[in-house]
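Participant: Have a look at this one before I ask anything.
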Amino acid sequence: MIYLNFIRSKKFIIPLLIFFIGIPLQLVIIYRVEKKAILKEIDSELLEAATNIKYYLGKDYVSKKLNGRSYNKERAVEIFTDLQERAVEQNVDYLYILVKSEDDIVYAALSDYKEELDDSEKAYFWYSLTEAEDDSFDETWSAFDREEPLFLNSSDEWDSYRSVYLTETAPDGTKYIAGADVTITTLNDKIMERIMRIMKMFLIAFPIIISFAHMERENKIIEGEMEKLSTKDTLTGVYNRKHGLKMFKELSEKGMEAEVFIVDIRGLNKINADQGLTTGDRMIKAFAGILKKSVRKSDIVMRLEGDKFMVVLSEFPVESEENMLVNLQGSLNNFNMNNPTNLYIQIIHLFKSYKKGEVEGFIGGMLKDLIAKKRYVSEKDIEMVQEMFESIEEDRFVVHYQPKVNIQTESISYEALIRWDHPEKGLIYPDYFIHVAERSVLINKLTIFVLNESLKAAGRMNTKISVNISPAAFESDLFISEVKEILGKSKYNNLLTFEITEGVAIDDVQNTLEKIKILTEYGVVFSIDDFGTGYSSLGYLEKLPVREVKIDKTFTDNLKLKTINPMIVRFICELGKVMEFDVVIEGVEREEQIWELMKLGGSSFQGYFFDRGHPIDVTIKNRKMCLEKVKIFKEPVGS
Ligand code: C2E
Ligand code: CA
Ligand code: CA
């Protein structure tokens, strides 16, 4: 299997190339090494064969021969045949006896010479070395005086040889040489055979060696992975509890202090139950990613259990805790708003400073606190989200329209206000559910619903309608692109106003400005809602192209109190005239409030005095009554 994977992986190509490019060099090396080894083997075979000759031929062979007691032809052939067989047995090519004769050296016995025999008796045993044109004559001559065996390479008229000469002494004192030859061709054949065998082995072994090397490397990688596995949580890639705690303990042993953050994903059990464990796992993984991005590299992030994570922030500048939360909440919102599924991540968290002491006890204490906090962070929210998703499908949301009146121009526009027609609880107002919806893509869906309804209503009444856009929705790219799609198809865009709050405007003025510009191109105008409740920076009023500013109900409520409020109302109304935006004063419930506000410069109002919000049909019916009420303020007060 590994072998196959290896072949498939094509990882052998480069080593193979190197191998083949290196072949000539390798061959030279192998040839040299092998030749030496084979020569050694052959030399020892030659020596053994030569040593044995005297035993084959009988100790007195040489003396007898040299004494002139010759063998007959039959005996000679017997000897030749015998030597030949012995040569084969001994793995050499020739065996022979050499003796000195006057100034010549002659073969006194020789294997493989049968064909050359003639009938002269002498020729059976005496064949001259010079006749054979052996180039080793001089060396052979001197070899008769040697004690040591002589190894030499020589050639004669037939071939080249590797030979051994072993000087022996016959019983009568005559010196002779017992010799054995191997032809160089045989030697080379043997070397080649050996090299081929090695090459073959190498060719077979090469991929195996490489794949072993490969396995070795793979093992190293696996070991690395294992190492990681033993410190990291397999699902999320953050530290597992064991390793995380170890790191925390090491910090504590060094006497370091830390800020510890524990966070729990809400409603995961419900997601697991409703959507399956895989979806639940996906959420945990997504959250771990968000959490990791929200902290610094030096912070220790670990998964404590299922849906609980812990971050140990050491070496912290004071603001790191706050930074982390801001980053985390921002990323979570971004995930929740731009994740087109019905899923969203909601968290419950806790911070605590660790100074010293037992780490596990400290964490135990934090987990207890977390459970306590969980109890009073309403479990209902999670159910509510699920219910809302279902209610969208079941068309259980409705839009009511409340008039905004302009006393000077005697004109009416409307604000679209969402309500939830709950199957059991009846009509539910947005203060109860909008803040929950704002934590997820749910707010996008609700706003899109209101937008579509409002466009229909605007067309039907031929009247301007305002739609509230939550910061969460306005910041979502998913939302903006959906809105653009709707506006691209509608004829009534120029009857639309988007009410955004100061919060949206101030968070990221540049980004807000860009979005406002894009939507303005579709014909939508903008209004700043709940003015005076938030940051109340007047600076951005100059930067943003708004058509309307709505002064929050608290100003209306506090008119009689001796506060700065009336002056602010007057100031905003003046500013509106200069900068050409309408000022709508919210929450007017009684006639005298309106007279009062008119004195401060107010001319547009919204409040129960004129009408509450109603479904479209009631709104249309009430329009006339509303206009009657406007007329009251056309008469100067007290006249
Ligand atoms: P808001 O934008 O300030 O809307 C005005 C709220 O004041 C409405 O409450 C309205 O019924 C209430 N109101 C108007 N005149 C009076 C009055 O004279 N006296 C009193 N006591 N209240 C008055 P509602 O409909 O309950 O909405 C509450 C908030 O919910 C809204 O405040 C707005 O922030 C949010 N909301 C409503 N509809 C939507 C919506 O479709 N989308 C979004 N994102 N938010 C919405
Ligand atoms: Ca509003
Ligand atoms: Ca308002």
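The values are calculated or read from the model by the stated rules, or taken from the named source; none is laboratory data. Here the structure is a predicted model, which means the values were calculated and not measured. Counting neighbours? That spans all protein chains shown, and the Cβs are built from the backbone with ideal geometry, glycine included. Calculation scope for accessible area: heavy atoms of the full protein, side chains included, ligands and nucleic acids excluded. Shrake-Rupley method; radii C 1.70, N 1.55, O 1.52, S 1.80 Å.
Participant: Can you report the principal axis dimensions of region 579-639 using only the alpha carbons, biggest first, rounded to whole angstrom?
Facilitator: Rounded to whole Å, the extents work out to 34, 32, 18 Å.
Participant: Using only the alpha-carbon atoms of region 239-377, report the extent along each of the three principal axes, biggest first, to the nearest angstrom.
Facilitator: 46, 29, 26
Participant: Given a 1.4 Å probe, how much area per residue of region 385-631 is accessible, in Å²?
Facilitator: Solvent-accessible surface per residue comes out at 47 Å².
Participant: Then there's this: State whether region 361-417 is rounded, prolate or oblate according to the following rule on the C-alpha gyration tensor (a ≥ b ≥ c being the square roots of its eigenvalues): a/c under 1.5 gives rounded; otherwise a/b larger than b/c gives prolate, and the remaining case gives oblate.
Facilitator: It comes out oblate by the Cα gyration axes.
Participant: What angle, in degrees between 0 and 90 and rounded to the nearest 10, separates the Cα long axis of helix 509-521 from the longest principal axis of the Cα atoms of the chain?
Facilitator: 70 degrees
Participant: Roughly how far apart, in whole Å, are the Cα centres of region 133-168 and region 510-536?
Facilitator: Cα centroid of region 133-168 versus Cα centroid of region 510-536: 113 Å apart.
Participant: When the Karplus curve 6.51 cos²θ - 1.76 cosθ + 1.60 is applied with θ = phi - 60°, which whole-Hz ³J(HN,Hα) does each residue of region 278-289 get, with x for Gly and Pro?
Facilitator: Each residue of region 278-289 in turn: 4, 4, x, 4, 4, 5, 4, 5, 4, 5, 4, x Hz.
Participant: Still on this model: Amide H of residue 105 versus every other amide H placed in the peptide plane: which residues, excluding those fewer than 5 positions away on the same chain, fall under 5 Å?
Facilitator: 129, 130
Participant: Follow-up question, since we're still on this one. Taking H placed 1.01 Å from N in the peptide plane, check which residues at least 5 places from residue 584 or on another chain put their amide H under 5 Å from its amide H.
Facilitator: 549, 550, 551
Participant: Could you tell me how many degrees, from 0 to 90 and to the nearest 10, lie between the Cα long axis of helix 23-57 and the main elongation axis, the longest principal axis, of the Cα atoms of the chain?
Facilitator: Helix 23-57 and the main axis of the chain meet at about 30 degrees.
Participant: Something else about it: Could you list which residues have their amide H under 5 Å from that of residue 466, counting only those 5 or more apart in sequence or on another chain, with H placed in the peptide plane?
Facilitator: Amide H neighbours of residue 466: 414, 415, 416, 497.
Participant: Of all the accessible heavy-atom surface of region 239-377, with the other protein chains kept in place and a 1.4 Å probe, what percent is carbon and sulfur?
Facilitator: Exposed carbon and sulfur together represent 51 percent of the surface.
Participant: In whole Å, largest first, what are the principal axis extents of the Cα atoms in the chain?
Facilitator: Largest to smallest, the principal-axis extents are 175, 62, 47 Å.
Participant: Thinking of region 330-369 as a set of Cα atoms, what percent of all their pairs are more than 11 Å apart?
Facilitator: Result: 71 percent of Cα pairs exceed 11 Å.
Participant: Each residue of region 250-258 in turn: what ³J(HN,Hα) in whole Hz from Karplus with 6.51, -1.76, 1.60 and θ = phi - 60°, glycine and Pro shown as x?
Facilitator: After applying 6.51 cos²θ - 1.76 cosθ + 1.60, I find 4, 4, 5, 5, 7, x, 7, 9, 8 Hz.
Participant: Quick one: if you stick a label point 7 Å off each Cα along the C-beta vector at residue 104 and residue 27, how many nm between them?
Facilitator: In this crude label model, residue 104 to residue 27 measures out at 4.5 nm.
Participant: As a test, work out the antiparallel percent of DSSP beta bridges whose residues both lie in the chain, rounded to the nearest 5.
Facilitator: The antiparallel fraction comes to roughly 75 percent.
Participant: What would the Debye equation give as log₁₀ I(q)/I(0) for region 132-208 at q = 0.14, 0.15, 0.25, 0.26 Å⁻¹, counting only Cα atoms as equal point scatterers?
Facilitator: Treating every Cα as an identical point scatterer, log10 I(q)/I(0) equals -0.60, -0.64, -1.10, -1.14.
Participant: Using square roots of five times the C-alpha gyration tensor eigenvalues, list the equivalent-ellipsoid semi-axes of region 385-631 in whole Å, biggest first.
Facilitator: On the way: eigenvalues 150, 96, 64 Å².
Semi-axes from the Cα gyration tensor: 27, 22, 18 Å.
Participant: Let me ask something else about it. Per the helix-only calculation at 222 nm, which mean residue ellipticity applies to the chain, given -39500 (n - 2.57) for every DSSP H run of n ≥ 4 and division by its residues, nearest 500 deg cm²/dmol? Intermediate values should be presented prior to the final figure.
Facilitator: Numbers: 25 runs with 341 residues, N = 639.
Theoretical 222 nm ellipticity from helices: -17000 deg cm²/dmol.
Participant: What list of ³J(HN,Hα) couplings, whole Hz, do you get for region 546-556 from phi and the Karplus terms 6.51, -1.76, 1.60, once you set θ to phi - 60° and write x for glycine and proline?
Facilitator: Coupling constants for region 546-556: 9, 9, 8, 10, 10, 7, 4, 4, 4, 5, 5 Hz.
Participant: What angle do you read, to the nearest 10 degrees and between 0 and 90, between the alpha-carbon axis of helix 184-231 and the longest principal axis of the chain?
Facilitator: Between helix and principal axis, roughly 20 degrees.
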